[in-house]
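Notes follow the structure.
The values are calculated or read from the model by the stated rules, or taken from the named source; none is laboratory data. Keep in mind that this is a model prediction, so the values were computed, not measured. Please note: Cβ atoms are built from the backbone with ideal geometry, for glycine as well, and neighbour counts cover all protein chains shown. SASA here: full protein model, heavy atoms, side chains in, ligands and nucleic acids out. Shrake-Rupley method; radii C 1.70, N 1.55, O 1.52, S 1.80 Å.
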Amino acid sequence: MMIDLTDTKSSAVNAALVSARHAIGSPALGMVLTLVIVTDESTQYDAMKAATEAAREHPSRILVVIGRPGAEIHPRLDAEVRVGDQGAGETVVLRLHGELADHAESVVLPLLLPDAPVVVWWPGKAPETPSADPLGILAQRRITDAVAAPRRPDWLEIRASGYTPGDTDLAWTRTTTWRSLLAAALDQRYDRITGAAVEAKAGNPSAELLALWLSDRLGVPVERVVTAGPGITATRLVTGSGEIAVTRPDGVLATLTTPGQPDRHVALKRRDAAELIAEELRRLDPDDVYATTLAHAAAEAKAAGGSVVASPAATAAHAQEAETIAVIAAPGASTMADSADMVSDAAADAGERAIAAAHRASADEAEQSHATKETAKKAPAKRTPARGSGSSSGSSGSSGSSGSSGSAAKKTAKPRSSGTARKRTGGSS
């Protein structure tokens with residue numbers, strides 16, 4: 001179902017969404033996030049198609065923001081509301097004319113799903129600092145695409161200096177399958193890696209990010225080799241026992257070559273935008289590995305005399321990651337000694353706690369015993385009537401002599417068991 005609104009406002013768009021949901025018989029919301037796409041007329045179709053396919057995996061409200069700025073254009077908002085036409089979710093195309101294009105956040109904010117994450121995607125040109133953009137401020141995740149954006153030689157410098165937790169780039173997402181395959185290949189025990197190379201088409205941002213990731217993780221120089229493409233065509237790791245290589249000349253099927261083992265074929269096709277967006281929507285927490293890679297890029301550029309300066313967030317993530325890797329990979333003797341001291345201190349504390357617990361238990365037992373004795377002293381003594389006196393006070397005529405005999409027996413009886421006292425009293429009767 002599609003509803004066209006001309007020269008409208010956000011409240012009317014919301015009302016149209018509710019009306020459309022009731023018309024198709026699904027008044028309840030079943031969406032998990034809001035995806036805001038900031039684009040133009042030239043790329044809006046492909047971006048909206050990719051987002052709609054990704055929404056089948058992540059039901060979303062898709063807000064497509066298309067700006068048409070111009071001082072001579074009358075400010076107005078035109079909207080297209082689409083519900084139920086292309087799977088789960090809702091799609092709203094917002095065309096902002098005139099000065100309204102500079103205030104897109106005021107139009108988008110009332111249309112966000114309540115209590116749901118917000119993701120902003122720039123499929124083309126993106127701001128230099130996405131987190132400072134008026135729409136980027138509203139989002140938990142901000143997605144750019146260095147491959148689709150107009151090529152700039154300083155794109156890496158821009159991403160490193162403007163990084164904020166929650167930023168990511170689809171050029172980095174395109175390396176996920178390569179990084180996973182290389183990490184799995186290195187699970188086997190090989191000789192020390194002394195060098196690496198990434199082969200790709202000239203100016204490929206994904207290849208540059210993959211090379212930086214290898215350099216950061218392996219601590220070796222990585223050579224960039226230009227090929228005819230498509231995309232990344234090979235990655236090679238040099239070891240003392242041979243070469244570990246992943247080659248993909250056709251962009252579909254890769255071959256994994258490892259020393260001492262037969263070659264293996266692995267599916268490694270180039271993914272489209274829908275698959276990349278679906279991957280990024282699976283996790284909405286910050287990508288720490290991307291942050292450390294950007295910080296490493298800044299460090300390399302600075303060492304080479306460049307002016308790239310990583311953002312504080314990227315630098316902090318890189319430092320924390322490096323410290324963790326250093327501790328896990330090669331713990332020093334001092335670390336082991338510190339650990340032993342910690343274990344000894346813990347054992348001493350445990351012994352002191354056990355002794356203190358024993359003292360408390362002993363004190364509680366003594367106090368309970370004392371209380372029992374005091375209670376016994378205060379309680380009145382319970383007398384057991386003698387059998388003889390009971391029988392003498394019956395139908396016998398000599399009750400007086402029997403009573404005196406029983407009384408005398410009680411006075412002369414020694415403090416023995418109650419059975420002895422009863423025996424003696426019975427004898428006197």
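Descriptive notes on the structure:
- Some residue of segment 259-270 being open to solvent by 40 Å² or more (accessible area, probe 1.4 Å) and under 27 Å from the mean Cα position of the chain (by Cα): no
- Screening Tyr190 against (1) under 22 Å from Ala295 (Cβ atoms); (2) modelled with pLDDT under 95; (3) open to solvent by less than 70 Å² (accessible area, probe 1.4 Å) leaves a single unmet condition, (1).
- Scanning segment 1-41 for residues that are buried (at least 17 other Cβ atoms within 10 Å of the Cβ) and over 14 Å from Val93 (Cα atoms) turns up Ala20, Arg21, Met31, Val32, Leu33.
- Residues being outside any helix (DSSP H, G or I), farther than 20 Å from Leu94 by Cα and among the hydrophobic types (A, V, I, L, M, F, W, C) - total across segment 117-134: 0
- Which numbered condition His103 misses (of (1) within 24 Å of the chain's Cα centre (by Cα); (2) open to solvent by 10 Å² or more (accessible area, probe 1.4 Å)): (1)
- Some residue of segment 123-131 being of a type in the set (S, T, N, Q), at pLDDT 90 or above and farther than 23 Å from Leu17 by Cβ: yes
- Thr177 vs. criteria open to solvent by 30 Å² or more (accessible area, probe 1.4 Å) and under 18 Å from Thr247 (Cα atoms): yes
- Subset of segment 45-57 (residues that are within 20 Å of Val147 (Cα to Cα) and open to solvent by less than 30 Å² (accessible area, probe 1.4 Å)): Ala47, Met48, Ala50, Ala51, Ala54
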